[in-house]
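Structure record follows, encoded as structure tokens.
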Amino acid sequence: MCGIVGYIGSKEAYPILIKALKRLEYRGYDSAGIALINDSNELNIYKTKGKVADLEHAVEGKNVAGRIGIAHTRWATHGEPNQINAHPHFSESGNLALIHNGIIENYATIKKNLQQEGYTFKSSTDTEVLVQLIEYIQLSHDLDLLSAVQLALHQVIGAYAIAILDKRHPDTIIAARQSSPLAIGVCDDGSFVLASDASPIVEHTNRIVYLGDGEIALLKKGSPLQIVTQDNVEVTPKISTTTLNIGQLEKGGFPHFMLKEIFEQADCIRDCMRGRINVEGNTVSLSAVIDHKERLLNARRFVIVACGTSWHAALIGKHLIEHFFHLPVEVEYASEFRYRNPVIDDKDVVIAISQSGETADTLAAVKEAKKKGAFVYGICNSIGSSIARATDTGSYIHVGPEIGVASTKAFTGQVTVLTLLALALAKEKNCISPEEFTETIRELNEIPDKMKRVVELNDTIAQFSKTFTYAHNFIYLGRGYNFPVALEGALKLKEISYIHAEGYPAAEMKHGPIALIDAEMPVVVVATHNAQYEKIISNIQEIKARHGKVVALVDEGDVEIKKIADFCIELPHTLPCLEPLITTIPLQLLAYHVAVSKGKDVDQPRNLAKSVTVE
Ligand code: G6P
């Protein structure tokens, strides 16, 4: 939630910052702003409601000169999205400008104290309180900015990644982090680019320092990067080299990132499996399983924590791990887990699944699990993210940056890693027959080719999706491995088309949802041969008897369901445990095309953000 960027160097900052903000718009896009200090030491701040493109329009003809600046794209928490609440916020004197991603939880108390000291506030944000607090401390104790920031952050409770400009010191940006991500690009020409993630940095440098919790960075033009803690202890910056490239961050000829990401799933899944499955050698290897074999094999149970789409992948993970590894698995919403004092101890293994690796609730659940002694395994996409670093071990899904707000390829990547994990553990425990092991990895190896065949159905799905733009509700049904697929299909539709949708296990329909079915109700049914086929046919008959419209996902060559369903999507056959990797894709395409035909902003749906770093 919220993207922050900063630049200091020898080039004009404005174009760099605007481009950087556009890369981070997936984090929030309800308002945007920029602050620049020009060569006459004037601090110019421009803000607007709306997207980064609106900010560009708003500054047309204005003075945007300067080789130092900070900028922000917002997802509102405190205070509605409008120009006043947009960042940067500035201090009473107008000397300091600050951008912030996160939440200052004790802002109300600090604000009250400052008001008693005569400070006035223009916005209703928690961020303005922080910049005012820093200035108050600076003036009342006659301190330099760094010392004032250190003292102020000691008073603050909450999560933040911040960057501050002081117009009296136009050669420095101060940045700090606690629980919200912050990356600093160290460029060869002595300039620095800071951002909420590496995506805006890679076109300037591949040398990146990920700031740690409680650390404060001083970015001074031409000087080496300096990092200190809140208690002023020097920290040696650890520079890592990112392999992210610009091509991965562009749309590559697709109209939306979401469609590009749906289409590239076959390649992503290949990347995810590369070096991990060896069909000839009949092996599956995950380094985390090799390194922590005893700990994982001796677990009493696994508990998987996640949010959103990652939680749906977790539900599939439960099926996979229980089926292959014969260990009980519980799946929890990270937000519930962390607040209910869960019974967890050192015999448990907690698996945290997160595409971004920054979801605040999942990160807090990881910390809670570690506090209680559990061994924590992360399944993340973003390399070096907070969750990846906070866990004891883990496996990246390696599907490349996911930019569309609605998650697609990360889901199939997560399911793939969970499959590999279940198989690797089962093999180690000797609880899978050689035949089943071999058959499963052979079939897993075929999945990318089958995924390619599924995306070829794009035009057909686009065609019939148009008939559903009228719909106000949808039901999705699936059984077994495909029940979480039904939930995920419904979530995709809700997220981007704003049509209400619910996913159910198919057999549950008769316990309530059937009352909703009439001629206006589209019902999407995962009806492959693995999924209790005969029973599903009965469910479809029940829907048709009530005049519902049925979209059925069936195996190639299906005869029975074709006779009764309104639309059939024929899919390549696979093993039951691998079906979600196939059946999810048409549901992603369905949601995409319904949203497009309704004219919705597919990549940036209203009210959502890709990385939810607030609790
Ligand atoms: C947000 C996103 C979802 C995502 C969820 C969990 O709600 O819009 O697409 O599934 O966060 O994110 P994570 O990065 O932890 O997988």
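Just so you know, all these numbers are worked out from the coordinates, no wet-lab data involved. Note that this is a predicted model, so its numbers are computed, not measured. Methodologically, a virtual Cβ is constructed for each residue, glycine included, from the backbone with ideal geometry; neighbour enumeration extends over all protein chains shown.
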Cα lying deepest toward the dipole's positive end in the chain, options 396, 268, 31, charges on Cβ: 31
Whole-angstrom gap from the range 190-219 to the range 588-615, using each part's C-alpha centre: 28 Å
Phi-based couplings in Hz for the range 546-554 (Karplus 6.51, -1.76, 1.60; Gly and Pro marked x): 9, 6, x, 9, 9, 10, 10, 9, 10
Part-to-part distance (alpha-carbon centres) for the range 99-115 and the range 286-358, which is given in Å: 35 Å
Burial ordering of 322, 264, fewest other beta-carbon atoms within 10 Å first: 322, 264
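So how strong a dipole does the range 182-228 carry about its Cα centre when Lys and Arg Cβ are +1 and Asp and Glu Cβ are -1, to the nearest 20 debye?
Using Cβ point charges on Lys, Arg, Asp and Glu, the range 182-228 gives about 160 debye.
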Residue order, fewest to most beta carbons within 10 Å, for 452, 112: 112, 452
Relative contact order of the range 340-473, pairs being alpha-carbon contacts under 8 Å that are 6 or more residues apart, as %: 16 percent
Debye log10 I(q)/I(0) at q = 0.06, 0.09, 0.12 Å⁻¹ for the chain, Cα point scatterers: -0.34, -0.74, -1.19
Rg to Rh, two decimals, where the range 31-183 supplies the alpha carbon set and Rh follows Kirkwood: 0.94
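Under the definition of Cα pairs under 8 Å and six or more residues apart, what whole-number percent is the relative contact order of the range 157-268?
Details: 200 pairs, mean separation 22.9, N = 112.
For the range 157-268, the relative contact order is 20 percent.
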Computed [θ] at 222 nm, helices only, for the chain once each DSSP H run of length n ≥ 4 contributes -39500 (n - 2.57): -11000 deg cm²/dmol
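Distance check, please: which entries in 51/450; 260/347; 370/429; 51/598; 492/562 exceed 30 angstrom between their Cα atoms?
The pairs that break the limit, which is 30 Å between Cα atoms, are 51/450; 260/347.
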Stokes-Einstein D for the range 85-125, Kirkwood Rh over Cα pairs, 4 °C, 1.567 mPa s (µm²/s): 116 µm²/s
Exposure proxy ranking, count of Cβ atoms within 10 Å, fewest first, for 262, 561: 561, 262
Partner aspartates and glutamates for residue 494 [C-alpha distance under 12 Å; skip if fewer than 8 residues away on the same chain]: 502
Length-normalised contact order for the chain - Cα pairs under 8 Å, 6+ apart - percent: 11 percent
Value of Rg/Rh across the range 149-240 [Cα atoms, Kirkwood radius]: 0.94
Reachable lysines from residue 167, criterion Cα separation under 23 angstrom, eight or more residues apart if same chain: 11, 47, 62, 122, 220, 221
